[in-house]
Amino acid sequence: MSYDSPPPAPRRFGRSNLTVAVAALVPTALASWLVWQAMSGPEDGEPPKVMPVPSQSAAGSSAAPPTSATPKTSGPATPSAAVSPSGTKADNRDDKPAGTGPLAGRVVVVDPGHNPGNFQHTREINKLVDIGTNRKECDTTGTSTNAGYTEAAFTLDVSRKLRALLQRQGATVKLVQNGDRPFGPCVDERARIGNEAKADAAVSVHADGSAVGNRGFHVILPALVKGGASDTTKIVGPSRELGERIAGNFVRATGSMPSNYVGGGTGLDVRKDLGGLNLTTVPKVFIECGNMRDPNDVALLTSESWRQKAAQGIADGIISYLKE
């Protein structure tokens, strides 16, 4: 996910000490929990401008972006050999029986941002859909690294790893998409899938497409929105709790710091312009795991071992939230 306009102005905190910055990931109410634990673009964001690309591999494959896929903050991405999310055929199953662990009976919806096939279906994903407060694009292509590793490939890999970790804890996990559709789904359907599953928690996995030098992760929380089909009144509080738990555990698992360009050092950002959050009736957050346009973050995002740590951090946050 990348921004075509500056994100909302973050709250600023007058502390600079590194230890305090980590503890300040969440409000004071959870600061002691973070110390004890750790020591502790998005789909319908403004889309990058893209042009249709020639037919490539079958829909659902991890297609590299076209040379005209231009995130707002840098030049065109240069395609390289397609980088597919890791996993075998068995990874594509959503019907594995839940275990008998501490999350038995709990339902988690994991939403891998974008879709590898979106680059080949720009007309379809540019269709406007109702996000409650207004109308926005069905979906976007997402961003990529300069070498052509797509956000869609990244989100699928992390989401599959996250699903496996949660299933081991006994949770029933549903992926919103698994590279098994030609494009999308649209943002309103992504929200509807979580709602119809009556998920105890839902997480949309992303990576950002910001300027070089902008580093770190941030968790996007739903704002209080009430209008049209949107009413987040009941899920704003639980979603913030979920987001705070994920942020604290993400630091602990990955060693990554909160974003230096969004969230005022807290790793948390509240937005009211995302259909995936406006339309949810279950606790839901987005996580931007890093910036695919910064070489230092790219070194992490393209690392198989780091992606496993990212999945672990998200899983630990969800587990902590659901066990309370």
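The values are calculated or read from the model by the stated rules, or taken from the named source; none is laboratory data. None of the values given here were measured: they were computed from a predicted structure. Neighbour counts run over all protein chains shown; Cβ positions are idealised from the backbone, glycine included. Keep in mind that these areas ignore ligands, DNA and RNA; they rest on the heavy atoms of the full protein, side chains included. Shrake-Rupley method; radii C 1.70, N 1.55, O 1.52, S 1.80 Å.
Kindly indicate whether Asn134 is surrounded by fewer than 23 Cβ atoms within 10 Å (Cβ to Cβ) and modelled with pLDDT under 95. Step through it out loud before you land on a result.
Numbers: surrounded by fewer than 23 Cβ atoms within 10 Å (Cβ to Cβ): yes; modelled with pLDDT under 95: yes.
Taking the combined requirement at face value, the residue satisfies it.
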May I ask you to say which residue of Gly255, Gly290 is small (Gly, Ala, Ser) and open to solvent by 20 Å² or more (accessible area, probe 1.4 Å)? Gly255
On the basis of being over 26 Å from Leu301 (Cα atoms), modelled with pLDDT under 95 and aliphatic (A, V, I, L, M), does Ala229 make the cut? yes
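So which of Ala253, Ala247, Ala211 is farther than 28 Å from Arg106 by Cα and at pLDDT 95 or above? Break it down into steps so the answer makes sense when it comes.
Working: Ala253 fails: farther than 28 Å from Arg106 by Cα; Ala247 fails: farther than 28 Å from Arg106 by Cα.
Step by step, each of Ala253, Ala247, Ala211 is checked, and only Ala211 is farther than 28 Å from Arg106 by Cα and at pLDDT 95 or above.
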Any residue that is under 30 Å from Ser256 (Cα atoms), under 14 Å from the mean Cα position of the chain (by Cα) and of a type in the set (Asp, Glu) - is there at least one of those in the range 103-113? yes
For the list (1) farther than 17 Å from Val108 by Cβ; (2) in contact with a helix residue (DSSP H, G or I) (Cβ under 9 Å, 6 or more places away or on another chain), I need the number of the one condition that Val298 fails. (2)
Looking only at the range 300-307, decide whether some residue is part of a helix (DSSP H, G or I), β-branched (Val, Ile, Thr), surrounded by fewer than 24 Cβ atoms within 10 Å (Cβ to Cβ) and at pLDDT 95 or above. no
For the range 217-257 the number of residues that are closer than 18 Å to Ile318 by Cα and either in contact with a Cys (Cβ under 7 Å, 6 or more places away or on another chain) or assigned to a strand (DSSP E or B) (or both) is 6
On the basis of being in contact with a strand residue (DSSP E or B) (Cβ under 7 Å, 6 or more places away or on another chain), surrounded by 24 or more Cβ atoms within 10 Å (Cβ to Cβ), of a type in the set (A, V, I, L, M) and part of a loop (DSSP other than H, G, I, E, B), does Val262 make the cut? yes
